[in-house]
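Written below as structure tokens is the structure these notes are about.
The values are calculated or read from the model by the stated rules, or taken from the named source; none is laboratory data. The structure displayed is predicted, hence computed values, not measured ones. In this analysis, Cβ positions are derived from the backbone assuming ideal geometry, glycine residues included, and neighbour counts consider all displayed protein chains.
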């Protein structure tokens, strides 16, 4: 994360994730279901930068999408069908966090 404080505001206030705590130097932790998400700045200015993709499984992808758009999130792709699986349809919508990491909403729609 280039700006951990900005990222905290996005994940906490925009996405509504539970901010557990922040710790120096530039760490922030969130509850994401049974997973703990850690955000941090690179250790050195020229160090390797990692990217991630977070997928959030939701029951109502259209409602979740509208909630995020209402909070000012610029979505890159509205909810749409990705694939027809043997037992469900996979629907997704995509947007990005302040550091341009991909975040997706995902719904597995059963027949």
(request) Return the residue satisfying two criteria in turn: it lies in region 85-111 and is in a loop (DSSP other than H, G, I, E, B) and without any contact (Cβ under 8 Å) to a residue 60 or more places away in the chain, and of such residues it is surrounded by the fewest Cβ atoms within 10 Å (Cβ to Cβ). (result) 86
(request) Spot the failing condition for residue 66; the list is (1) part of a loop (DSSP other than H, G, I, E, B); (2) at pLDDT 85 or above, and only one is missed. (result) (1)
(message) Taking the condition of being surrounded by fewer than 11 Cβ atoms within 10 Å (Cβ to Cβ) and at positive phi, how many residues in region 22-40 meet it?
(response) 1
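Within region 67-84, which residues are out of contact with any strand residue (DSSP E or B) (no Cβ under 7 Å at 6 or more places or on another chain) and surrounded by 15 or more Cβ atoms within 10 Å (Cβ to Cβ)?
To start, the set of residues in region 67-84 that are out of contact with any strand residue (DSSP E or B) (no Cβ under 7 Å at 6 or more places or on another chain) comprises 67, 70-72, 84.
Answer for region 67-84, where residues must be out of contact with any strand residue (DSSP E or B) (no Cβ under 7 Å at 6 or more places or on another chain) and surrounded by 15 or more Cβ atoms within 10 Å (Cβ to Cβ): just 67.
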(message) Among the residues in region 70-84, are any under 18 Å from residue 10 (Cβ atoms) and part of a helix (DSSP H, G or I)?
(response) yes
